[in-house]
Amino acid sequence: MRISRPIVSAALLLALTACGSDAQPAAEESEIKVGLLHSLSGTMAISEVTVRDAEMLAIEEINKAGGVLGKKLVPVVEDGASDWPTFAEKATKLIRQDKVATVFGGWTSASRKAMLPVFERYKSLLWYPVQYEGLESSPYIFYTGATTNQQIIPGLDYLKEKGKKKIFLVGSDYVFPRTANKIIKAYAAANGMEILGEEYTPLGHTEYSTLVNKVTQAKPDAVFNTLNGDSNVAFFKQLKSAGATAESMPVLSVSVAEEEVTGIGVDNIAGHPVAWNYYQTTETPANEAFVKAFKAKYGANKVTSDPMEAGYNAVYLWAEAVKKAGTTEVEAVKKAAPGIALERPEGLVTIDGENQHMYKTARIGIIQPDGLIKQVWDSGEPIKPDPYLKGYPWASGLANS
């Protein structure tokens, strides 16, 4: 089943209209409610549960330090259930019924695009913590994960530098992989690379023998992987069973981090590259404290990852904007946010006032036999977010295609 564009049901739209549009955050005098909206069940739970956990850790730490504006943060947690209309419905509930000051949530671009009209209609704020395909900005979304020029393009630059000119594209069938691959094909055409194939499977798909045969028979120099969720488990297991190795056919992933490595099984994926902005092994003073705190709360065997760190950061960035504004009122928070810069586990993160994305350092890593990721390259400094790829002549027109 193709999931190319999330649809908000007619019943939900009627409910939205009936609710009105004058909602403002409200809570007890000593409390500020905030929403956490992630897939705690379904195919995306393998990735999203721990993002929720990281956000809960940030809330706990902020409360221990005195809260925000002297008030305690109270999380209201909802399950998007890996279902895009459910994300829209739960977002509406958090805004209208729970009257949260802001929401931290989502993973897939399908979930984000389902929520976007809800947040714009009610003029409420969503902090979205995951890398995505770009070509979007909303006045009511802050994007704390990477956009295209901070992850996908550095990943392609890395493959090009390694002499990988023949690429096979594999992805889940929804908006992020299809849009990302549109960008990848434009990059390839401008950089002397050849796309040997482009295959999509539904989210939650587990039978990859046919697709793996297509990939191996094409004999690419590398695979660019935009599969999401637990489909990665089946794909990498079946790829290994077919005899493909990280040396003979490296698979560069942009949605596989430390948490997913655990689910996939390190024996099935060790040696393959990934592109992110943060790893558990990233060497910063703030990261040492973050990893220690996360393991102390959730278990010594737990790992940290880029989306978790971006979710953790989102809570702190919002709290800083609220402190600067002196209120949780949405328009005041938006006005206060541009230029806020914090030293986070990944390094310095700054809110770009033009598009509400973050300046972020790009990093390429190799999955190690212990399941952690070793950085082999970084951009040296945070990269200004360019979600519409205005700085790349080869990307001209992509936003309208």
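Using r as the Cβ-Cβ distance of residue 245 and residue 60, and R0 as 30 Å, what FRET efficiency do you calculate, to the nearest 0.05?
Details: r = 42 Å, r/R0 = 1.41.
My answer for the efficiency is 0.10.
Residue by residue through the range 46-52, which ³J(HN,Hα) values in whole Hz follow from phi under the Karplus form 6.51 cos²θ - 1.76 cosθ + 1.60 (θ = phi - 60°), with glycine and proline marked x?
Those phi angles translate into 4, 9, 8, 4, 6, 5, 4 Hz.
Would you mind checking 334/374; 99/335; 292/360 for any pair whose Cα atoms are more than 27 angstrom apart?
Numbers: 334/374 36 Å; 99/335 21 Å; 292/360 23 Å.
Check vs 27 Å cut-off fails for 334/374.
Can you spot the lysines whose alpha carbon is less than 29 Å from residue 214's alpha carbon? Ignore those fewer than 8 places along the same chain.
Correct list for residue 214: 160, 162, 164, 165, 166, 182, 185, 237, 240.
What is the magnitude of the charge dipole of the range 334-390 about its Cα centre, with +1 placed on the Cβ of each Lys and Arg, -1 on the Cβ of each Asp and Glu, and no other charges, expressed in debye to the nearest 20? Write out the running numbers ahead of the final one.
On the way: 8 positive and 8 negative charges, 40 e Å.
Rounded to the nearest 20 debye, it is 200 debye.
Quick check: the distance between the Cα centres of the range 157-189 and the range 249-304, to the nearest angstrom?
For the range 157-189 versus the range 249-304, the Cα centre distance is 23 Å.
Cut-off is 10 Å between beta-carbons; in what order do 137, 255, 248 appear when sorted fewest neighbours first?
Ascending Cβ contact count within 10 Å gives the list 248, 137, 255.
In terms of Cα to Cα distance under 15 Å, which aspartates and glutamates are near enough to residue 64, apart from those fewer than 8 places away along the same chain?
31, 55
Taking the highest mean first, how do the peptides 188-198, 79-89, 142-152, 231-241 order by number of other beta carbon atoms within 10 angstrom per residue? Before the final figure, lay out each step's value.
Working: 188-198: 15.1, 79-89: 23.0, 142-152: 27.4, 231-241: 21.3.
The most tightly packed comes first, giving 142-152, 79-89, 231-241, 188-198.
Taking H as built 1.01 Å from N, whose amide H comes closer than 5 Å to the amide H of residue 227, not counting residues under 5 places away?
Distant-sequence amide H within range of residue 227: 172.
Can you run phi through the Karplus equation (6.51, -1.76, 1.60; θ = phi - 60°) for the range 68-82 and list ³J(HN,Hα) in whole Hz, with x for Gly and Pro?
The phi angles translate into 10, 6, x, 10, 7, 7, 10, x, 10, 9, 10, 9, x, 6, 6 Hz.
Given that just one value was derived from the coordinates, which of (i) 0.96; (ii) 1.01; (iii) 0.98 is Rg/Rh (Cα atoms, Kirkwood Rh)?
(i)
Would you please give the residues with an amide H less than 5 Å from that of residue 101, counting only those at least 5 places away or on a separate chain, with H modeled from the backbone geometry?
Correct list: 33, 34, 35.
Considering only 109, 30, 47, give the residue with the highest GNM mean-square fluctuation for the chain, with springs between Cα atoms whenever their separation is below 10 Å.
Judging by the Gaussian network model, the answer is 30.
Hey, can you grab everything whose amide H is under 5 Å from the amide H of residue 204? Only 5+ residues off in sequence or another chain; H modelled, so Pro and N-termini drop out.
Sorted by chain and number, the residues that satisfy this are 230, 231.
Please report 295, 64 as a ranked list, fewest other C-beta atoms within 10 angstrom at the top and most at the bottom. Walk me through the intermediate numbers first.
Values: 295 15, 64 8.
Least to most surrounded, the residues fall as 64, 295.
For the range 372-379, in order, what is each residue's ³J(HN,Hα) by Karplus, 6.51 cos²θ - 1.76 cosθ + 1.60 with θ = phi - 60°, in whole Hz (x at glycine and Pro)?
With coefficients 6.51, -1.76 and 1.60, one gets 8, 10, 9, 5, 10, 6, 9, 7 Hz.
Any read-out appearing in this document is the output of simple, stated calculations on the displayed coordinates, not a laboratory observation. Keep in mind that what you see is a predicted model, and the values were worked out from it rather than measured. Heads up, the Cβs are rebuilt from the backbone with ideal geometry, glycines too, and the neighbour counts pull from every protein chain shown.
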